[in-house]
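Bear in mind these aren't lab numbers, they're just calculated from the coordinates by the rules spelled out. Just so it is clear, the model here is predicted, and its values are computed rather than measured. Every residue, glycine as well, gets a Cβ built from its backbone with ideal geometry; the counts of neighbours run over all protein chains shown.
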Amino acid sequence: MPSLGNHGHKNQQILSISPQIALPIGIKIWFNESGGSVMGLTTWNYGEDFASLGIGHFIWHPYSSKRASFNSGFPHLLRYIEARGINIPSWLQGRNGLYCPWSNRNEFLKEQYSSKMSELRIFLQKTIPIQAEYMTRHLQEILPDLLASAPAEERVFIYQKFYSLARTPTGIYALVDYLNFKGAGVSNSRYNYERGTGLLQVLKGMKYAPPGSTPLQAYVWSAKNALIKRVERASASQHTERWLGGWFKRLNTYLEGNIDT
């Protein structure tokens, strides 16, 4: 296990997954996000001003003079894929991929069966393992931020729990998927640190898991506990309890342990 003293180096290469591991991880995330639907690889949700692409629903904004392109996750994915020497569609290469070519949801939906959209889906389906690798790298890069956001006395515990999970393919899947699902939970607010539902709060909450729990069991227990508390704090008019079943179904996939090594 790497020493805690190295956690400040964001570019250190600690976590890595082989293509053989990346594929099943990517497929599981794909099913979690869009049921394994090829059409689900290219979506634009109602009420949003951006497209969501790939297994992780990476955000892709249309051009706006008021919005910086680095706020979009999809261009980062494209650059990662290009850096790996993998061919991408010509209309996505270089600066062409910075902005979504469809300016709004209506335009996007009208093009659902166009040749360009079909090419995009084929590209996204073929690069599922690379997308999983990219998400694993993002998980690695977020660790220093997780530790910096936690109180000093809890950083060693969080670091140790992170790596107790990251030493196995199933644990990496559980970390990557939850980060994509509920975010990092990083905040300068003590209130948000205590009440959030992000990855940081789940790792912190593992200390309260039932005795004898494995790292994955403690992780899933902590995640469910954080989400239950979120529902309890929400107003009755929001009816957030209706989401718990789906959330728990997703979390239970972390315990299946069927990712080949």
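How would you classify segment 19-120 from its alpha-carbon gyration tensor, with a ≥ b ≥ c the square roots of the eigenvalues: rounded for a/c under 1.5, else prolate if a/b is greater than b/c, otherwise oblate? Oblate, because a/c is 1.5 or more while a/b does not exceed b/c. In the Gaussian network model of the chain, springs joining C-alpha atoms below 10 Å, which of G56, G246, G36 carries the largest mean-square fluctuation? So, out of G56, G246, G36, the one fluctuating most is G246. Put in order of Cβ neighbour count within 10 Å, fewest first, the listed residues Y173, Y193 become Y193, Y173. Note on K116 and E141: with the Förster distance fixed at 45 Å, the Cβ-Cβ geometry gives a FRET efficiency of about 0.90.
Against the main long axis of the alpha-carbon atoms of the chain, helix 73-83 sits at an angle near 80°. What the phi angles of segment 171-187 give under the Karplus curve with 6.51, -1.76 and 1.60, with θ = phi - 60°, is a coupling list of x, 4, 4, 4, 5, 5, 5, 5, 4, 6, 6, 10, x, 7, x, 7, 7 Hz, glycine and proline written as x. The eigenvalues of the Cα gyration tensor, multiplied by 5 and square-rooted, give segment 130-255 an equivalent ellipsoid with semi-axes of 21, 18, 15 Å from largest to smallest. Rg then Dmax, both in Å and based on the Cα atoms of the chain: 18.9, 55. Here's the picture: a label point sits 7 Å out from the Cα of R233 along the beta-carbon direction, and within segment 169-193 the residues with their amide nitrogen under 20 Å of it are 178-193. Once R0 is set to 30 Å, what does the formula 1/(1 + (r/R0)^6) return for the Cβ-Cβ distance between R95 and D49, expressed as a FRET efficiency to the nearest 0.05? Calculated transfer efficiency: 0.90. Give me the base-10 log of I(q)/I(0) for segment 134-181 at each q in 0.18, 0.20, 0.29 Å⁻¹, Debye formula, one uniform scatterer per Cα, rounded to two decimals. Evaluating at q = 0.18, 0.20, 0.29 Å⁻¹ gives log10 I(q)/I(0) of -0.53, -0.65, -1.15. Backbone geometry of segment 221-229 corresponds, through the Karplus equation with coefficients 6.51, -1.76 and 1.60 at θ = phi - 60°, to 3J(HN,Hα) couplings of 4, 5, 5, 5, 4, 5, 6, 4, 5 Hz, x marking Gly and Pro.
Each of H57, H239 was scored by other Cβ atoms within 10 Å of its Cβ. Arranged with the fewest first, they read H239, H57. Of the chymotrypsin sites (Phe, Trp or Tyr not before Pro) found in segment 90-122, those that fall in a DSSP loop while having at most 11 other beta-carbon atoms within 10 Å are Y113. Exceedance of the 29 Å cut-off in Cα-Cα distance is limited, within the set K229/K249; K116/K224; K28/K161; K116/K182, to K116/K224; K116/K182. Exposure proxy shown here: for M135, M117, M39, M206, the number of other Cβ atoms within 10 Å sets the order, fewest to most, as M39, M117, M206, M135. Distance from the alpha carbon centroid of segment 213-256 to that of segment 89-113 works out to 35 angstrom. Note on Q217/Q125: beta-carbon distance plugged into 1/(1 + (r/R0)^6) with R0 of 22 Å gives a FRET efficiency of 0.10. When a/c is below 1.5 the answer is rounded, else prolate if a/b is larger than b/c, else oblate, so apply that to segment 94-190 with a ≥ b ≥ c taken from the square roots of the Cα gyration tensor eigenvalues. Prolate is the answer for segment 94-190, as a/c is 1.5 or above and a/b outweighs b/c.
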